[in-house]
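To start, the structure itself, in structure tokens.
The values are calculated or read from the model by the stated rules, or taken from the named source; none is laboratory data. Values in this document were obtained by computation on a predicted structure and should not be read as measured data. FYI the Cβ positions are ideal-geometry reconstructions off the backbone, even for glycines, and counts take in every protein chain you see.
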Amino acid sequence: MTTSSARPAAAPATGPDAPTTEPGSATMWIVLTGLFMAVLDFFIVNVALPATQQELHASEAAVQWIVAGYGLTYGAGLITGGRLGDMFGRRAVFMTGMALFTLASVFCGIAPNSGVLVVGRLAQGVAAALTAPQVLAVLRTVYSGKAQARAFSMYGFVMGVAAVFGQLIGGGLMRADVFGLGWRACFLINVPIGVVALLLTPRFVPESKAEVKSRLDPVGMVLVTGALVALLIPLIQGREQGWPMWIWGSLAASAVLFALFFAYEKRLIGRSGSALIDPAMFRDRAFTAGLLVQLVFWMGQASYFLILALFLQYGRGLDPLGAGVVFTALGLGYMATSATAHRFAAKLGRQVLTLGGLLTTVGLVLTGLAVAANGVEGSAWWLVPGLFLDGAGMGLVVAPLASTVLTRVKPQIAGAASGVLTTALQLGNSLGVAIIGVIFYGAVSTEDGPAGYGHAYNVSLFYSAAVGVVLAVLVQLLPRGKDGK
């Protein structure tokens, strides 16, 4: 149950035939603004890196942390951010995160040197970790029935648009060079969006929190954050560092910290304490299987975005805007299916995810065939059919998966569950990029020029395409129906 300081949220219901609760679409679009900003900033910065490095005279290590620092604090803070929303109110924590994200964006946009920019990126990640879990939690608790299904579809739609079009948006901002801001516009664009969202949130987003009063779990927060940091840093830096011994020590420490965390949380629940995460949620088949599917899906998709960007810019010689235009084909495929994915899910059930996974595999194979047949000197438009299918497959997975995992979660732990689900996404991103980096850079030969990048792209596709098949198999672990069987 939830409490509300605006309009009361109806008791949540699941299934396409449940009664519809419709507090208004403004609520949905305002919170989705926070999601859009958080996801966009994960991808848009890649376009700005060359100009940023040149202007700020940044070292390679600083450039790496401009990218990785955001992902680190974002991924490590999601579980805590979700729990804080359950305790102190999802609207209140959402607004706190949005305010911090907006200020951090200003900090990044006016950074005089790379050190300041890295600090700003770390702060952006913390802010995103506060904001993102509240988005799913609000959609879970405010809407029900068909309205909830549509809200989850829009969640998937916005997430994909931000991820897929991030490079195009960044390239467009760089090309426009409004007020001579250059790369700084990629950060400052968040400011007017964040201010408008903050002004509208108190009016249109109802407050909700867990009905049962609970206390902070500082020990749990420290343990799980430490475990995630110890896991993410090796995934982010392992390849560049040559996998030294400290990387493996950090991974081992992560496993120990996770074990201590779950043991502590179980003990705390046994003493009727206020745990950060109730381990009982992992006994729900839809939740645990859904987390696994989420992890595997993003292990393939985020890593594919990386090798496609590298291939287009180094193999095909496109500038950031030109590469972003090619990415548009993937985005169009995503838009074609994501906004109506809930209708496919109503007819196909869990198998909509299977269809999505297999479509991504077919699409990626088609891009590989296009590169093999046309080489790096042929038209990049030969990639369009495969990219469109890959995007369409993505659209059939993202929103239905979130709905499958969260619709059966109790409203009082919606924030914590959303944090765990989003953490799986970030871990999948980092793990996939680490794996694909080893494959791609192990296969590329810079002596072969652009052709070397074409070869590395096709070699890497064996991994990316296989992920779609593995996802289709894992989907069969999900319950078939609403009864959980």
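Just for helices (runs of 4 or more DSSP H) wholly inside region 305-403: which have at least 1 residues that are among the basic types (Lys, Arg)?
Those helices (runs of 4 or more DSSP H) span 341-348.
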Exercise. Please name all residue pairs, on different chains or six or more residues apart, with Cβ atoms under 7 Å, provided the first residue is in region 428-453 and is closer than 20 Å to ALA230 by Cα and in the same structural domain as VAL371 (by TED's automatic domain parsing) and the second residue is modelled with pLDDT of 80 or more and among the hydroxyl-bearing types (Ser, Thr, Tyr).
Key: GLY432/SER303; VAL433/SER303; ILE435/SER303; ILE435/TYR463
Practice problem: Go over the candidates LEU130, LEU139 one by one and state the one that is within 16 Å of the chain's Cα centre (by Cα), surrounded by 24 or more Cβ atoms within 10 Å (Cβ to Cβ) and over 20 Å from ARG184 (Cβ atoms). | Solution: LEU130
Quiz item: farther than 30 Å from GLY89 by Cα and outside the structural domain of SER403 (by TED's automatic domain parsing), is that true of LEU181?
Solution: yes
Quiz item: From the set of residues in region 380-415 that are buried (at least 24 other Cβ atoms within 10 Å of the Cβ) and touching a strand residue (DSSP E or B) at 6+ places or on another chain (Cβ under 9 Å), which is nearest to GLY324 (Cα to Cα)?
Solution: GLY415
Practice problem: Could you tell me whether region 60-71 includes any residue that is buried (at least 23 other Cβ atoms within 10 Å of the Cβ), within 19 Å of the chain's Cα centre (by Cα) and either of a type in the set (Ser, Thr, Tyr) or in the same structural domain as ALA323 (by TED's automatic domain parsing) (or both)? | Solution: yes
Practice problem: Keeping to region 199-250, report how many residues are hydrophobic (A, V, I, L, M, F, W, C) and either surrounded by 21 or more Cβ atoms within 10 Å (Cβ to Cβ) or within 22 Å of the chain's Cα centre (by Cα) (or both). | Solution: 14
Self-check item: Boolean, VAL397 is modelled with pLDDT of 85 or more and outside the structural domain of PRO133 (by TED's automatic domain parsing)
Solution: yes
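Here's the yes/no breakdown for (1) out of contact with any Phe, Trp or Tyr (no Cβ under 7 Å at 6 or more places or on another chain); (2) of a type in the set (Ser, Thr, Tyr); (3) closer than 30 Å to LEU84 by Cα:
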residue	(1), (2), (3)
GLY357	yes, no, no
VAL371	no, no, no
ASP390	yes, no, no
ILE413	yes, no, yes
GLY419	yes, no, yes
Quiz prompt | Any hit, region 115-137, residues being closer than 18 Å to ALA417 by Cα, in contact with a strand residue (DSSP E or B) (Cβ under 7 Å, 6 or more places away or on another chain) and not hydrophobic (A, V, I, L, M, F, W, C) | solution = no
Quiz item: Of the residues VAL229, VAL224, VAL219, which is within 24 Å of ARG140 (Cβ to Cβ), part of a helix (DSSP H, G or I) and in contact (Cβ under 8 Å) with a residue 24 or more places away in the chain?
Solution: VAL224
Quiz item: Mind checking which residues of region 357-376 are touching a residue at least 40 places away in the same chain (Cβ under 8 Å) and more than 26 Å from LEU401 (Cα to Cα)?
Solution: GLY368, VAL371, ALA372, GLY375, VAL376
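Here's the yes/no breakdown for (1) more than 17 Å from the chain's Cα centre (by Cα); (2) surrounded by fewer than 19 Cβ atoms within 10 Å (Cβ to Cβ); (3) small (Gly, Ala, Ser); (4) part of a helix (DSSP H, G or I):
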residue: GLN426; (1), (2), (3), (4): no, no, no, yes
residue: ALA456; (1), (2), (3), (4): yes, no, yes, yes
residue: VAL459; (1), (2), (3), (4): yes, yes, no, yes
residue: ALA466; (1), (2), (3), (4): yes, yes, yes, yes
residue: PRO479; (1), (2), (3), (4): yes, yes, no, no
Self-check item: Exclusive hit being touching a strand residue (DSSP E or B) at 6+ places or on another chain (Cβ under 7 Å) and assigned by TED's automatic domain parsing to the domain that holds LEU35, set GLY171, GLY145
Solution: GLY145
Quiz prompt | Matching residues in region 54-68 - criterion: being farther than 18 Å from LEU431 by Cβ and either of a type in the set (A, V, I, L, M, F, W, C) or without any contact (Cβ under 8 Å) to a residue 60 or more places away in the chain (or both) | solution = GLN54, LEU56, HIS57, ALA58, SER59, GLU60, ALA61, ALA62, VAL63, TRP65, ILE66
Quiz item: Within region 101-119, which residues are crowded, with 19+ Cβ neighbours inside 10 Å and of a type outside the set (Val, Ile, Thr)?
Solution: PHE101, ALA104, SER105, CYS108, GLY109, ALA111, SER114, LEU117
Quiz item: Which members of region 128-157 meet the condition of being assigned to a helix (DSSP H, G or I) and polar (S, T, N, Q)?
Solution: THR131, GLN134, THR141, GLN148, SER153
Practice problem: Name the one entry in ALA289, ALA275 that is crowded, with 19+ Cβ neighbours inside 10 Å, part of a loop (DSSP other than H, G, I, E, B) and among the small types (Gly, Ala, Ser). | Solution: ALA275
Quiz prompt | Matching entry among THR354, THR328, THR288, THR337 (being polar (S, T, N, Q) and without any contact (Cβ under 8 Å) to a residue 12 or more places away in the chain) | solution = THR288
